[in-house]
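Scroll down for the structure; my scribbles are underneath it.
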Amino acid sequence: MTDAAPCPVLFVDDEAPLRHAATQALMLADLDAIPCATAAEALARLDRDFPGILVTDIRMPGMDGLMLMAEALTLDPELPVILITGHGDVELAVQSMRDGAYDFLEKPYAPARLVEAVRRAQDKRRLTLENRRLRARADGGGDPIAARLLGASEAMTRVRAELRAVAGTEADVLIEGETGTGKEVAARALHAASARGERPFIAVNCAALPAELIESELFGHEAGAFPGATRARYGKFEHARGGTLFLDEIDSLPMALQGKLLRVIEDRAVTRLGSNDPVALDLRIVAASKRDLAAAARDGAFRPDLLYRLNVVTLRLPPLSARREDIPALFLSLLDAAAARAGRPVPPVPGAVLSALTARDWPGNVRELRNAAERMALGLETGLAAPAAGPDGALAAQMAAHEKALIAAALAANGGSLKATYEALGLSRKALYEKMQKHGLSRDSFRED
């Protein structure tokens with residue numbers, strides 16, 4: 001099988017015959033070997049982005065193999081290091097594995113044993129570098145919108161462009177999307193990128209407010225406005241002054257309250273319950289709904305005039321099923337965050353697992369994917385179910401979507417490199433071009449900056 005990406009082997013041994021024999025064995029196995037006579041020579045080639053692995057003898061004059069390993073792991077703690085030991089050094093090598101060595105070989109070793117250990121170490125290195133590339137793509141580089149809304153898909157590129165276009169304005173925004181697509185995340189990104197970013201962001205889940213308290217929660221009240229109101233209280237509108245008020249599931253508000261909300265939005269002033277004095281408001285309103293509010297307005301379930309006032313700008317967030325190529329990078333980012341919260345090291349994610357995640361249906365969208373990342377960070381993810389075929393001949397469509405997702409995942413993992421991608425997928429260059437054209441994929445969407 002052709003390697004998915006070049007992964008050279010730095011082989012360090014001060015004895016020329018042994019160095020030559022090992023280099024020849026590696027090259028006969030179609031592995032890229034770089035022989036080095038000293039630790040200093042090898043160290044000069046190493047940095048955090050070195051794409052290969054290190055194999056070194058322990059006993060060498062000057063800087064020995066253990067010192068070289070320590071220096072190499074300082075540059076990159078995830079670099080696989082294979083130690084070659086003499087007969088009396090096995091105990092030392094075992095201790096070194098506790099200190100970070102990947103494996104060790106005892107002299108004399110069979111060439112096949114060397115090749116086997118090197119291939120396993122290369123697989124680990126490729127996985128580490130692929131995950132780094134995906135995580136790098138998930139890093140917004142200081143852009144609050146790119147940092148919060150991840151993905152190289154056309155759909156997410158469009159959403160980010162729309163958010164950037166509206167962030168610098170004072171326009172109210174309506175965000176629509178299925179449950180779990182990240183409507184509040186988008187609202188927070190919009191707020192952070194706006195001139196109000198240092199001011200309050202107040203989120204209100206309209207569906208979670210008790211019917212009898214909604215008006216008081218939103219508009220506030222004066223002392224004595226109703227039984228139990230012993231002192232005056234600010235509402236959410238006043239708390240958000242100078243910043244952004246996010247009204248989630250706004251479609252759940254009763255019709256009578258929708259009318260009062262319309263007046264507040266139009267006048268940019270709120271009157272507390274029990275008062276006749278309006279309080280001027282300086283704020284932006286972002287509303288969200290998992291329902292199509294235009295359809296709800298046609299059905300009489302939502303006030304059309306409130307819809308027209310809210311949807312100065314309407315953003316629609318795509319479900320994960322419409323951007324499967326974003327799943328690998330998104331999952332790795334969520335896994336990093338979950339592991340940090342749990343105080344645990346980030347577990348490795350094999351490429352096969354990323355492919356399975358990409359092919360899987362996520363009816364709960366990003367929220368469901370986040371739960372899977374939480375389970376994996378805690379060591380509770382026991383397996384991934386294969387996608388089931390749907391009724392009415394839907395298998396062909398699912399297979400096409402799965403193929404597109406796998407190609408997109410490989411492109412993302414390889415930073416848009418076509419050669420590395422068609423080698424990783426076992427395709428010819430021509431076959432990859434044809435499939436990318438068929439699925440509307442462009443390498444430019446996956447290139448690393």
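Here's a check for you: in region 229-259, which residue that is basic (K, R) and modelled with pLDDT under 90 is farthest from A288 (Cα to Cα)?
Of everything passing the filter in region 229-259, R231 is farthest from A288 (Cα to Cα).
With the checklist (1) over 24 Å from P348 (Cα atoms); (2) assigned to a loop (DSSP other than H, G, I, E, B); (3) charged (D, E, K, R); (4) at pLDDT below 90 in hand, flag the one item E91 doesn't pass.
E91 satisfies every listed condition except (2).
Is it true that some residue in region 33-44 is at pLDDT below 90 and in a loop (DSSP other than H, G, I, E, B)?
yes
If you take the residues in region 310-363 that are β-branched (V, I, T) and over 16 Å from the mean Cα position of the chain (by Cα), which one is nearest to R268 (Cα to Cα)?
Filtering region 310-363 for residues that are β-branched (V, I, T) and over 16 Å from the mean Cα position of the chain (by Cα), the one nearest to R268 (Cα to Cα) comes out as V312.
Filter region 155-203 down to the residues that are of a type in the set (A, V, I, L, M), touching a helix residue (DSSP H, G or I) at 6+ places or on another chain (Cβ under 7 Å), under 28 Å from M255 (Cβ atoms) and buried (at least 21 other Cβ atoms within 10 Å of the Cβ) and list them by number.
Selection gives V173, L174, I175, A186, L190.
If a residue must be surrounded by 12 or more Cβ atoms within 10 Å (Cβ to Cβ), in contact (Cβ under 8 Å) with a residue 12 or more places away in the chain and not acidic (D, E), how many such residues does region 418-432 contain?
Selection size over region 418-432: 6.
Only one of these is touching a residue at least 12 places away in the same chain (Cβ under 8 Å), out of contact with any helix residue (DSSP H, G or I) (no Cβ under 9 Å at 6 or more places or on another chain) and on the phi < 0 side of the Ramachandran plot: R367, R309. Name it.
Unique residue meeting the criteria: R367.
For region 50-73, how many residues meet the condition of being within 25 Å of V115 (Cβ to Cβ) and in a loop (DSSP other than H, G, I, E, B)? Spell out the reasoning first.
In the first step, residues of region 50-73 are kept if they are within 25 Å of V115 (Cβ to Cβ); the result is 50-60, 64-66, 68-69, 72-73.
With the extra rule that they be in a loop (DSSP other than H, G, I, E, B), the set shrinks to 50-52, 58-60, 64.
Of the residues in region 50-73, 7 are within 25 Å of V115 (Cβ to Cβ) and in a loop (DSSP other than H, G, I, E, B).
Out of the residues in region 45-71 meeting the condition of being in contact with a Cys (Cβ under 9 Å, 6 or more places away or on another chain) and surrounded by fewer than 20 Cβ atoms within 10 Å (Cβ to Cβ), tell me which one is farthest from F11 (Cα to Cα).
Across region 45-71, the extreme among qualifying residues is P51.
All but one of (1) at negative phi; (2) surrounded by 15 or more Cβ atoms within 10 Å (Cβ to Cβ); (3) within 20 Å of the chain's Cα centre (by Cα) hold for D444; which doesn't?
(2)
Looking only at region 406-420, how many residues end up being over 16 Å from K430 (Cα atoms), touching a Phe, Trp or Tyr at 6+ places or on another chain (Cβ under 8 Å) and part of a helix (DSSP H, G or I)?
Selection size over region 406-420: 2.
Pick from region 227-284 the residues that are farther than 19 Å from N311 by Cα and acidic (D, E): which of them is surrounded by the fewest Cβ atoms within 10 Å (Cβ to Cβ)?
In this case the residue turns out to be D277.
Residue-wise test of (1) part of a loop (DSSP other than H, G, I, E, B); (2) in contact (Cβ under 8 Å) with a residue 60 or more places away in the chain; (3) outside the structural domain of A408 (by TED's automatic domain parsing).
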| position | (1), (2), (3) |
| --- | --- |
| A161 | no, no, yes |
| A165 | no, no, yes |
| T181 | yes, yes, yes |
| A186 | no, yes, yes |
| H191 | no, yes, yes |
| E215 | no, no, yes |
| A223 | yes, no, yes |
| F226 | yes, no, yes |
| E238 | no, no, yes |
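For residues that are modelled with pLDDT of 75 or more, of a type in the set (A, V, I, L, M) and over 22 Å from R126 (Cα atoms), tally how many sit in region 401-449.
Residues flagged as modelled with pLDDT of 75 or more, of a type in the set (A, V, I, L, M) and over 22 Å from R126 (Cα atoms) within region 401-449 amount to 3.
Which of the residues spanning region 204-226 are buried (at least 17 other Cβ atoms within 10 Å of the Cβ) and under 27 Å from the mean Cα position of the chain (by Cα)?
V204
The values are calculated or read from the model by the stated rules, or taken from the named source; none is laboratory data. Because the structure is predicted, anything quoted here is derived from the model rather than measured. Backbone-built Cβ (ideal geometry, glycine too); neighbour counts: all protein chains shown.
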